[in-house]
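Visitor: Got a structure here, written out as structure tokens. Questions coming.
The values are calculated or read from the model by the stated rules, or taken from the named source; none is laboratory data. Everything numeric in this text was worked out from a predicted model, so none of it was measured. Methodologically, a virtual Cβ is constructed for each residue, glycine included, from the backbone with ideal geometry; neighbour enumeration extends over all protein chains shown.
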Amino acid sequence: MKDLYREALVRLASEPPEVMAKSFVKWDRDSEFHRLADSDPAQLWSEKKLKEFIDRNSEKNSTQYFSFSIRTLVDDKYIGFVSLRVPAWSHSDAWIGIMVGERDYWGKGYGTDAMRLIVQYGFLELNLRRMSLGLHAYNERALKSYEKAGFTLEGRVRGDGLRDGIRYDSLWLGILREEWEPI
Amino acid sequence: MLSIQSQLFEAQDVRFGPIDHEAHPDIESKWTHDAEFMRLMELAPVRPLSPAMVRKQYESVEKKMEEDKNLFYFTVRARDDDRLIGKAVVEWIDWTNGNGLIRLGIGAETDRRKGYGSQALRMLLRYSFSELNLYRVTAVVPAYNEGALRLFQKFGFMEEVRRRKALHRDGTFWDIVSYGLLNSEWQEQQNNGRG
């Protein structure tokens, strides 16, 4: 059987809530990171509040939500977070969320590696039929990474967001089981 | 020019009203026993709901309206006797970015194909764009709901996203289509006397 949790550059792991909360505090203070990853207003939460969010999420972590930390193989550094949410099992479709908070690891293939792992997990362990994700059109590095991991552009939501006074589109991507090339 | 004399909640044959917690649960419960209707409206697995379950849903809707302030829910009524014929909703409003999802349905078979949906959608769009001041609205439709596809196309929505084979029903894989309409496009229609 395959090692589901390990690729060339990263592995999928799990962290104690305290460790996650500490890292999120650090990553959130990088507003560029937040604005690449999220459409909610950038804001700064306390470590205590973040830990509460994480605890609440792990309670939900049952059968519809699967989340992992991303760790580098070379120095075992905790650099980001990836998750799969299955809104309705009857359709075997899921939504992926991914982020690399440590900016020294941007643009070097770590995120793409983690994406390959979560897609593999979705198809081989959860037996999904397809997976979906969304991103800001201005996040060109993310788009390249997702396409490299096998995703296809499925549409463009016009003027979905507003930042720095500029309207921008969101992009939605999907990958089907039959077009996926196993790692 | 401000047009506050022109009623937001009145159309030719239908009007918007609030939820009636006494009268509506029985009616909506009947609609949920019509699987075909529910599968046009809902992407999640459908199930029939008792009046008590519908009453609970109404309560959580109004709680969400009050607390989160990102949901606006209207019942659609027939003008002649004020009876419940459907619902019209703006939900998941993202105020920072000025977008929201719209959803509407006419519940009883006998009330469909009479233009009530068009009248309700016209009111819902005016409400979204000139009361809520949204920049854009989105409608999400399973590709087999041809009535809805035609309705949104008629109102000038543009197909923006087609999530391939995202819905598995009756052994077939269907696309889920997202339609978008911008406030500016809607405004243009008003100026041209359409819509």
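Visitor: Go through the range B:130-163 and give me each residue that's of a type in the set (D, E, K, R) and surrounded by fewer than 21 Cβ atoms within 10 Å (Cβ to Cβ).
Guide: Within the range B:130-163, the subset of a type in the set (D, E, K, R) is B:131, B:136, B:146, B:150, B:154, B:159-160, B:162-163.
Residues satisfying the conditions are B:131, B:146, B:150, B:154, B:159, B:162.
Visitor: In addition: Of all residues in the range A:85-127, which are in contact with an Asp or Glu (Cβ under 7 Å, 6 or more places away or on another chain) and crowded, with 18+ Cβ neighbours inside 10 Å?
Guide: Scanning the range A:85-127 gives A:113, A:116, A:117.
Visitor: Just the residues that are in contact (Cβ under 8 Å) with a residue 40 or more places away in the chain and of a type in the set (A, V, I, L, M), please, taken from the range B:32-47.
Guide: Passing the criteria: B:40, B:41, B:43.
Visitor: Are any of the residues in the range A:119-130 touching a helix residue (DSSP H, G or I) at 6+ places or on another chain (Cβ under 6 Å), over 29 Å from residue B:184 (Cβ atoms) and among the hydrophobic types (A, V, I, L, M, F, W, C)?
Guide: Start the filter on the range A:119-130 by keeping residues that are touching a helix residue (DSSP H, G or I) at 6+ places or on another chain (Cβ under 6 Å), which leaves A:123, A:128-129.
Filter once more, so that each one left must be over 29 Å from residue B:184 (Cβ atoms): A:123, A:128-129.
Of the ones still in play, those that are also among the hydrophobic types (A, V, I, L, M, F, W, C) are A:123, A:128.
Within the range A:119-130, one or more residues are touching a helix residue (DSSP H, G or I) at 6+ places or on another chain (Cβ under 6 Å), over 29 Å from residue B:184 (Cβ atoms) and among the hydrophobic types (A, V, I, L, M, F, W, C).
Visitor: Quick one: would you say residue A:115 is out of contact with any Cys (no Cβ under 7 Å at 6 or more places or on another chain) and over 23 Å from residue B:180 (Cβ atoms)? It would help to see each step written out before you state the result.
Guide: Values: out of contact with any Cys (no Cβ under 7 Å at 6 or more places or on another chain): yes; over 23 Å from residue B:180 (Cβ atoms): yes.
Judged against the criteria, residue A:115 is a match.
Visitor: For residue B:189, only one of the following conditions fails: (1) in contact (Cβ under 8 Å) with a residue 40 or more places away in the chain; (2) farther than 19 Å from residue B:31 by Cβ; (3) of a type outside the set (Phe, Trp, Tyr). What is its number?
Guide: Going through the list (1) in contact (Cβ under 8 Å) with a residue 40 or more places away in the chain; (2) farther than 19 Å from residue B:31 by Cβ; (3) of a type outside the set (Phe, Trp, Tyr), residue B:189 breaks only (1).
Visitor: Output the qualifying pairs, or none if there are none: Cβ atoms under 8 angstrom, residues six or more apart or on different chains, first residue in the range B:109-123 and on the phi > 0 side of the Ramachandran plot, second residue not in a helix (DSSP H, G or I).
Guide: Close Cβ pairs satisfying both conditions: B:115/B:13.
Visitor: Any idea which residue in the range B:120-143 is nearest to residue B:76 (Cα to Cα), counting only those that are within 14 Å of chain A (Cβ to nearest Cβ) and either among the aromatic types (Phe, Trp, Tyr) or in a loop (DSSP other than H, G, I, E, B) (or both)?
Guide: Result: B:129.
Visitor: Is it the case that some residue within the range A:139-149 is aromatic (Phe, Trp, Tyr) and either in contact (Cβ under 8 Å) with a residue 60 or more places away in the chain or within 14 Å of chain B (Cβ to nearest Cβ) (or both)? First the steps, then the outcome.
Guide: Taking the range A:139-149 first, the residues aromatic (Phe, Trp, Tyr) are A:146.
Retained after the next criterion (residues that are either in contact (Cβ under 8 Å) with a residue 60 or more places away in the chain or within 14 Å of chain B (Cβ to nearest Cβ) (or both)): none.
The answer is no, given that none of the residues of the range A:139-149 is aromatic (Phe, Trp, Tyr) and either in contact (Cβ under 8 Å) with a residue 60 or more places away in the chain or within 14 Å of chain B (Cβ to nearest Cβ) (or both).
Visitor: Go through the range B:171-191 and give me each residue that's crowded, with 16+ Cβ neighbours inside 10 Å and among the charged types (D, E, K, R).
Guide: B:175, B:185
Visitor: Residues B:135, B:144: which one is in contact (Cβ under 8 Å) with a residue 24 or more places away in the chain and more than 26 Å from residue B:107 (Cβ to Cβ)?
Guide: Numbers: B:144 fails: more than 26 Å from residue B:107 (Cβ to Cβ).
Selected residue: B:135, the only one of B:135, B:144 that is in contact (Cβ under 8 Å) with a residue 24 or more places away in the chain and more than 26 Å from residue B:107 (Cβ to Cβ).
Visitor: Let me ask something else. Could you tell me which of the residues A:160, A:164, A:169, A:93 is under 30 Å from residue B:159 (Cα atoms), touching a residue at least 60 places away in the same chain (Cβ under 8 Å) and within 14 Å of chain B (Cβ to nearest Cβ)?
Guide: Working: A:164 fails: touching a residue at least 60 places away in the same chain (Cβ under 8 Å); A:169 fails: touching a residue at least 60 places away in the same chain (Cβ under 8 Å); A:93 fails: touching a residue at least 60 places away in the same chain (Cβ under 8 Å).
Being under 30 Å from residue B:159 (Cα atoms), touching a residue at least 60 places away in the same chain (Cβ under 8 Å) and within 14 Å of chain B (Cβ to nearest Cβ) holds for just one of A:160, A:164, A:169, A:93, which is A:160.
Visitor: Continuing with this model, one more query. Name, by its number, the condition in (1) at pLDDT below 95; (2) facing chain A (nearest Cβ under 9 Å) that does not hold for residue B:163.
Guide: (1)
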